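Just below is one structure, and these are the notes that go with it.
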Amino acid sequence: MNVILFGPPGCGKGTQARRLEDRFNTIQLSTGDMLRAEVASGSEIGRKAKAVMDAGHLVPDGVMIAMIANRIDQPDCKNGFLLDGFPRTTAQARALDEMLAEQGLRLDHVIEITIDAAVLAERLAGRFNCARCGAVYHDKFQRPKVDGVCDVCGSSTGFTRRVDDKADTVKARLKAYDEQTAPLLPYYQAREVLRRVDGMGSIDEVTRQLEAILEQA
Ligand code: ADP
Ligand code: ADP
Ligand code: ZN
């Protein structure tokens, strides 16, 4: 099953993708996580992408398309994938269609997590991740059960906050979403694969809505 999780920064894509992986025997492909790994490793892609990401702008299409083409070719994607953060532009959406067609694959669902723009700033300002496994937390909405210990991997080595979750950068990221990514919605709507879930509910409520769609497969 190949699915795109769609929606602005902070709507819950990463949180939900991680919850759905095991249940649906699929894998989360987060282009943001891939880019942050490139930055952390100091690779050439990472060095070039860092300034763009820190400014809240989009990394060039050519880089992103090559990254995803290489990733969906790997054996762990053969049962399907949940795309989180890709495609973000029309050129990326077209390139994805070509990649899938070449491999005889199709998109089963494109699911938009809808959200009031007013709550996004608070979601992003309170976000933090386990430094070891990347599990997503929030100061108010999703605290670890034991302070300082990751619920998922048990690590107590610490948590990280993203530099681009600062208020100024968030503004630029939301603008990039409105201008370059939201215009993809009609592209998928026209193909009748677009579904919507209400991202304003609790994390569990959103998961239930997504499961109901994916169970229909
Ligand atoms: P995205 O991947 O779309 O940018 P995340 O999954 O990282 O979004 O979620 C952003 C922040 O909001 C995280 O700190 C997460 O814990 C929190 N969050 C996600 N979904 C909800 C929800 N339904 N209600 C409250 N907080 C949420
Ligand atoms: P969020 O989950 O909060 O929406 P991401 O982790 O997906 O943020 O992305 C972080 C940053 O990585 C983006 O602001 C952008 O600079 C870059 N990025 C991630 N995916 C893409 C993509 N598909 N195209 C261009 N840039 C991307
Ligand atoms: Zn962890």
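The values are calculated or read from the model by the stated rules, or taken from the named source; none is laboratory data. Just so it is clear, the structure is predicted and the values come from calculations on it, not from any experiment. Ideal geometry is used to build each Cβ from the backbone, glycine not excepted, and the neighbour counts take in all protein chains shown. Note: areas computed on protein heavy atoms with side chains; ligands, DNA, RNA excluded. Shrake-Rupley method; radii C 1.70, N 1.55, O 1.52, S 1.80 Å.
Annotations for the structure displayed:
- Amide H to amide H distances under 5 Å link ILE27 with PHE81, LEU82, where only residues 5 or more positions off or on other chains count and H is placed in the peptide plane.
- Fraction of beta bridges assigned by DSSP in the chain that are antiparallel (%, nearest 5): 30 percent
- Estimated FRET transfer efficiency (ARG47, ASP97; beta-carbon r; R0 25 Å; 0.05): 0.25
- With contacts taken as Cα pairs under 8 Å at a separation of at least 6 residues, the stretch 63-217 carries a relative contact order of 27 percent.
- The sum of -39500 (n - 2.57) across all DSSP H runs of n ≥ 4, divided by the residue count of the chain, sets its helix-only mean residue ellipticity at 222 nm to -13500 deg cm²/dmol.
- Whole-Hz Karplus values for the stretch 142-159 come out as 7, 8, x, 4, 10, 3, x, 10, 6, 4, 7, 10, x, 6, 10, 7, x, 10 Hz, taken residue by residue from phi with 6.51 cos²θ - 1.76 cosθ + 1.60 and θ = phi - 60°; glycine and proline positions read x.
- Under 5 Å from the amide H of ILE4 lie the amide H atoms of LEU83, HIS109, VAL110, ILE111, each residue being 5 or more positions distant or on a separate chain, with H modelled from the backbone and absent for Pro and chain starts.
- Relative contact order %, the stretch 1-100, counting alpha carbon pairs below 8 Å whose residues are six or more apart: 42 percent
- Calculated from backbone phi, Karplus (6.51, -1.76, 1.60) coupling profile of the stretch 78-90 in Hz, x at Gly/Pro: 5, 7, x, 8, 10, 7, 10, x, 9, x, 10, 9, 4
- For peptides 194-206, 5-17, sequence by mean Cβ density within 10 Å, most packed first: 5-17, 194-206
- Listed residues LEU100, LEU83, PRO186: farthest to the positive end of the dipole of the chain (Cβ charges): LEU83
- Rolling a 1.4 Å probe over the protein chains gives PHE81 an accessible area of about 0 Å².
- Carbon-plus-sulfur accessible fraction, the chain (probe radius 1.4 Å, protein heavy atoms only): 51%.
- Quarter of Cα convex hull surface for the chain, i.e. mean projection, nm²: 11.5 nm²
- C-alpha center-to-center spacing [the stretch 65-137, the stretch 169-184] in angstrom: 15 Å
- Seen from LEU184, the other residues with C-beta closer than 12 Å to its C-beta sum to a net charge of -1, counting Lys and Arg as +1 and Asp and Glu as -1.
- Given a 1.4 Å probe and the protein chains as shown, ASP139 ends up with an accessible area of around 60 Å².
- Dipole in debye (nearest 20) - the stretch 29-185, about Cα centre, beta carbon charges: Lys, Arg +1; Asp, Glu -1: 480 debye
- Paramagnetic label reach from TYR187 (point 7 Å along Cα→Cβ; backbone nitrogen cut-off under 16 Å): within the stretch 71-94, residues 83-94.
- Cysteines not pairable in the chain (beta carbon separation under 4.7 Å absent): CYS11, CYS77
- Residue-normalised accessible area of the stretch 21-167, expressed per residue, 1.4 Å probe, Å²: 53 Å²
- Largest first, the three principal axis extents of the alpha carbons in the stretch 78-205 are 46, 35, 27 Å in whole numbers.
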